[in-house]
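Below: one structure, written as structure tokens.
Computed from the coordinates by the stated procedures, all read-outs in this text should not be read as laboratory data. Note that this is a predicted model, so its numbers are computed, not measured. Cβ coordinates were reconstructed from backbone atoms using ideal geometry, including for glycine residues, and neighbour counts include every protein chain displayed.
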Amino acid sequence: MYNSKITGLGYYVPDNVVKNDDLKEFMETSDEWIQERTGIKERRWIDPKSGDTTAVMGAKASRIAIERAGLTKDDIDFIVFATLSPDMYFPGGGVQIQEMLEMPTIGALDVRNQCSGFIYAMSVADQFIKTGMYKNILVIGAENHSGGLEKSTRGRNVSVIFGDGAGAAVLSRSEEAGKGILSSHLHSEGKHAKELALIGPSTKRWVPEIIEANDPDDVSYYPYMNGQFVFKHAIGRFSEAIVEGLEANKLQKEDIDMLIPHQANLRIAQFIQKKFQLSDDKVYNNIMKYGNTTAASVIIALTEAWEKGKIKDNDLVVLAAFGSGFTWGSVIIRW
Ligand code: COA
């Protein structure tokens, strides 16, 4: 059996910076409230005139990752694309990337696991590489949240949190024992699906029905989040996923060199840091700059940490995420 190793990383965020105070144009909020509860100072929201979309940003991040892997688009055997905000209801975004990068007719798979989407996508890619089916897989996480948020006081508990962006990794076959992805761990608990969800439009509630009802109180086409409920579950599940990953590899919390938590809320990341007694240099957070970019958050943070030289050869890198579904998981990597 082969191992999979990350050979290229890239990310792209829109130029348009939206500071907390800028949100006051749309809603009653304050920089103080947002920073105190979430740690967020600013986020990137696509300027609609820029041409950026979920797939366009994913393609931009992918080009960087492929080049850094020392490969060309023709060396990629398969695409796994994670997003909750695709450009189209169907088909998925993976095929758009395949077209935008002018790739041959390789397979493209979309993963819809929200904040843990990138963890799921990495795990899927890892299995294909381990079995020998593919050699180089492009794994992408990208989100355009700003187009679908309710930017008003009614939607402020959700809309201040989310930002746009994309990241990509190339996973390649490696025969170096004990290096690369050591294991991945995936979980879900569907009974909490509605606690963090966007329910309509959907096949249960088609657009004509929504238009006909013309109900100003209908918020089913905006994301809904039961914030405190999500918070409570997040801290428990994050911890479980990390412990499970360490135990599976007979490792201790002291072995962690870099933890990249999904950037849901700085308070959640700080709780986890404290619980695992990790020093500041062993946890990478960038939610302050980008907000929660859902399926893009782990890969943007991983790429930034790597670009800053915070990840070195042989380091134990732990990726962990929790989100809508509920879904959660971890990926344990020996760099
Ligand atoms: N600006 C100012 N006030 C706001 C606000 C905003 N953006 N959003 C909500 N409020 C108000 C509420 O209306 C409420 O006012 P009230 O007390 O007069 O009714 C008050 O602030 C407290 O709201 P609440 O929702 O209870 O706040 P909270 O302490 O739970 O913080 C979250 C809200 C969303 C920051 C927090 O619950 C959270 O981070 N949850 C986890 C979210 C998460 O991780 N999501 C992603 C999962 S992947």
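Qualifying trypsin sites (Lys or Arg not before Pro) in region 294-335, where qualification requires a DSSP coil assignment and no more than 12 other C-beta atoms within 10 Å, comprise Lys308, Lys312. Between amide H atoms placed 1.01 Å from N, distances below 5 Å from Asp315 occur with Trp335, all of them 5 or more places distant or on a separate chain.
Spin-label model, Lys274 to Asn157: label points 7 Å out along the Cα-to-beta-carbon direction sit 2.3 nm apart. Quick one: Cα centre-to-centre distance for region 108-126 and region 59-96, in angstrom? So the two Cα centres are separated by 12 Å. Beyond a 30 Å Cα-Cα separation, which of these cross-linked pairs lie in this structure: Lys151/Lys289; Lys19/Lys232; Lys191/Lys250; Lys5/Lys289? Over 30 Å apart, Cα to Cα: Lys191/Lys250. Spatially, region 265-314 and region 6-34 are offset by 17 Å when compared through their Cα centroids. Computed extension gain for Met288 through Arg112, at 0.36 nm per residue and net of the alpha carbon distance, reaches 60.8 nm. Only aspartates and glutamates eight or more places from Lys41 in sequence, or on another chain, were considered; those with a Cα closer than 15 Å are Asp21, Asp22, Asp31, Glu32, Asp164. Between region 154-176 and region 187-226, what is the C-alpha centre distance in whole Å? One Cα centre to the other: 22 Å. In this label model, Ser50 and Ser174 are separated by 3.2 nm, measuring between points 7 Å along each Cα→Cβ vector. Say R0 is 30 Å: what FRET efficiency, to the nearest 0.05, do Trp335 and Asp15 get from their beta-carbon distance? With a Förster radius of 30 Å, E is 0.45.
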